[in-house]
Amino acid sequence: MLAAAQEPYKDARRQRLEYHGPGRDEPEPSGLREVRIGYYGPDDPANPLGGTFWQGAQRAVGEANRSGGYNGLPFRLAARWSENPWTGGAGVVVQMAYTDKVWAIIGGIDGTSTHLAEQVVTKALLPLVDPGSTDKTVNQASVPWMFSWLPADPAHAEAIGRGLRESSTGESFVLISATDHDSRALAAELKSFLARNHLTPGRHVEFQPGVLEGARIAAEAAQLK
């Protein structure tokens, strides 16, 4: 006889996050001439990873300013970035919070940078709007002022997995993924979904981001046959 499924004592996924601490009644700074919004990412439209995020943030701020800004005061993006988030990422977010004195932060551009930013805003009590991370663990920290724009990896994995299941002809297939943090997280979620639905890739080929390995990837994928 199968044991009945145990219900968790507390399921954080069903908990509505609310903030009841201090800060709501604090007045705005005196002599305010603009409202700074931190941007944690490269402020270069040509950047291959974060350029479109920067353009989107600029457009949003421009539209808000044309609508009157904040009580007539303009919004301005204060951008800071570190090409190596693990060594300098948290430091630049601290600078935005306590030197630039931003009112909120947009960032980061991937799961790694967003995790680092989250560690700072948790203590600084700054809203963080995350445009580029799909890592579900970002929101599992239960920080009520942390907001993600994109669906988390389980939702992506389910969409991909359902497509494979519905189009499956019984033939084996190859899973190709990169080795960066975000790609590995999504690949793990996808493989978990596939396993639950009795679908298993015949081969899993990984590659390093930014490295041109098309020939090698194609050769390894072709070995499935």
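When ligands, DNA and RNA are left out and all protein chains stay put, how many square angstrom of accessible area per residue does the chain have with a 1.4 Å probe?
Per-residue accessible area for the chain comes out at 64 Å².
Within 12 Å, Cβ to Cβ, of Ala185, how many net charges do the neighbouring residues add up to if Lys/Arg are +1 and Asp/Glu are -1?
Neighbourhood net charge equals -3.
Return the single residue from Ala64, Ala185, Ala152 with maximal mean-square fluctuation; model: Gaussian network over the chain, springs between Cα atoms under 10 Å.
Taking springs between Cα atoms under 10 Å, the residue moving most is Ala64.
Name the most mobile residue of Val94, Val205, Val129, meaning the one with the largest mean-square fluctuation, in a Gaussian network model of the chain with Cα contacts below 10 Å.
Val205
Give me, ordered by chain and number, the residues 5 or more places off Arg36 or on other chains with an amide H under 5 Å from its own placed amide H.
Arg76, Trp103
Counting DSSP beta bridges with both partners in region 29-138, what percentage is antiparallel, nearest 5?
If I count the DSSP bridges inside region 29-138, around 10 percent turn out antiparallel.
Quick one: compute the contact order of region 140-225, relative version, from alpha carbon pairs under 8 angstrom and 6+ residues apart, as a percent.
RCO, region 140-225: 32 percent.
Show me, for region 89-100, the HN-Hα J-couplings you get by feeding each phi into the Karplus relation (A = 6.51, B = -1.76, C = 1.60, θ = phi - 60°), rounded to Hz, glycine and proline as x.
x, 4, x, 6, 5, 4, 5, 5, 6, 10, 9, 6
Go through region 80-142 and name the trypsin sites (Lys or Arg not before Pro) that are in a DSSP coil and have 13 or fewer other Cβ atoms within 10 Å of their Cβ.
Lys101
Over 20 Å, how big is the tail of the calculated P(r) for region 104-185, in percent of all Cα pairs?
41 percent
Can you pull a Stokes-Einstein diffusion coefficient for the chain at 10 °C (1.306 mPa s), Rh from Kirkwood over Cα pairs, as a whole number of µm²/s?
78 µm²/s
Quick one: which residues, 5 or more positions from Tyr70 or on another chain, have an amide H under 5 Å from its amide H? H modelled 1.01 Å from N in the peptide plane, none for Pro or chain starts.
Here Phe75 satisfy the definition.
How much of the DSSP beta bridge set in the chain is antiparallel, as a percent to the nearest 5?
The answer is about 5 percent antiparallel.
Can you list residues from other chains, or at least 5 along the same chain, whose modelled amide H is less than 5 Å from the amide H of Arg203?
Here Phe173, Leu175 satisfy the definition.
Which percent of the accessible area of the chain is formed by carbon and sulfur heavy atoms (probe 1.4 angstrom)?
Whole-percent figure for carbon plus sulfur exposure: 53.
Taking a threshold of 21 Å on the Cα-Cα distance, which of the pairs Lys10/Lys123; Lys10/Lys191; Lys10/Lys136 fall above it?
Correct reply: Lys10/Lys123; Lys10/Lys191.
Under a 10 Å cutoff between Cα atoms, tell me which one of Gly31, Gly69, Gly51 has the largest fluctuation in the Gaussian network model of the chain.
Gly31
Could you go through region 183-196 in sequence order and give the Karplus-derived ³J(HN,Hα) for each residue, using 6.51 cos²θ - 1.76 cosθ + 1.60 with θ = phi - 60°, rounded to whole Hz, and x for Gly and Pro?
Karplus-based 3J(HN,Hα) across region 183-196 equals 5, 5, 5, 5, 4, 5, 5, 5, 5, 5, 5, 4, 5, 5 Hz.
First measure r as the distance between the Cβ atoms of Asp25 and Asn71, then evaluate 1/(1 + (r/R0)^6) with R0 = 22 Å and state the FRET efficiency to the nearest 0.05.
0.80
Taking 0.36 nm per residue of separation and subtracting the Cα-Cα distance, what length does fully extending Glu158 through Ile176 add?
Working it through step by step, the gained length comes to 4.8 nm.
The values are calculated or read from the model by the stated rules, or taken from the named source; none is laboratory data. These numbers were taken from a predicted model, which means no experiment stands behind them. Note: ideal-geometry Cβ built from the backbone for every residue, glycine included; neighbour counts use all protein chains shown. Surface accessibility is based on the protein's heavy atoms, side chains included, excluding ligands, DNA and RNA. Shrake-Rupley method; radii C 1.70, N 1.55, O 1.52, S 1.80 Å.
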